[in-house]
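One structure below.
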Amino acid sequence: MTARRLRAVLLLAAAVPLTAAVAAAALRAAHLKLSVDRYRLELTAQPRPD
């Protein structure tokens, strides 16, 4: 494996968990809940605790 290909693979491997963490934080900050089913994705608003 060339150095260029290895670098690309490592960057991709690091980007996936980072993207998931950022998406989770954004959903939490916007008070949204993501439900994943076998056939659908559902995004629902959560009541604010005030």
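Quick one: what are the phi-derived ³J(HN,Hα) couplings along the stretch 42-47, Karplus 6.51/-1.76/1.60 with θ = phi - 60°, whole Hz, x for glycine and proline?
For the stretch 42-47, the Karplus curve yields 10, 10, 10, 7, 9, x Hz.
Measure off, as a whole percent, the carbon and sulfur share of the 1.4 Å-probe accessible area of the chain, all protein chains present.
Carbon plus sulfur share of accessible area: 64 percent.
Hey, if you put +1 on the Cβ of every Lys and Arg and -1 on every Asp and Glu Cβ in the chain, which of 41, 16, 31 ends up farthest toward the positive end of that dipole?
Working it through, the farthest residue towards the positive pole turns out to be 16.
Ignoring ligands, DNA and RNA, how do 50, 37 rank by accessible area with a 1.4 Å probe, largest first? Intermediate values should be presented prior to the final figure.
Details: 50 170, 37 80 Å².
The ranking, largest first, comes out as 50, 37.
Determine the dipole magnitude for the chain: charges of +1 sit on the beta-carbon of Lys and Arg, -1 on that of Asp and Glu, nothing else is charged, the reference point is the Cα centre, and the result goes in debye to the nearest 20. Mind dumping the intermediate values first?
Numbers: 8 positive and 3 negative charges, 61 e Å.
In total the dipole reaches around 300 debye.
Give the residues of the stretch 36-50 whose amide nitrogen is closer than 11 Å to a point set 7 Å from the Cα of residue 23 in the direction of its Cβ.
Residues 36 fall inside that zone.
Between the helical axis of 3-29 and the dominant principal axis of the chain, each derived from Cα atoms, what acute angle in degrees is found, rounded to the nearest 10?
Once rounded, one gets 10 degrees.
How much accessible area per residue does the chain have, in Å², with a 1.4 Å probe?
Value returned for the chain: 96 Å² of accessible area per residue.
The values are calculated or read from the model by the stated rules, or taken from the named source; none is laboratory data. What you are looking at is a predicted structure, and each value in this text was computed from that prediction instead of being measured. Cβ: placed from backbone, ideal geometry, glycine included. Neighbour counts: every protein chain shown. For the accessible areas, the whole protein counts, side chains as well, though only heavy atoms, and no ligand, DNA or RNA atoms are used. Shrake-Rupley method; radii C 1.70, N 1.55, O 1.52, S 1.80 Å.
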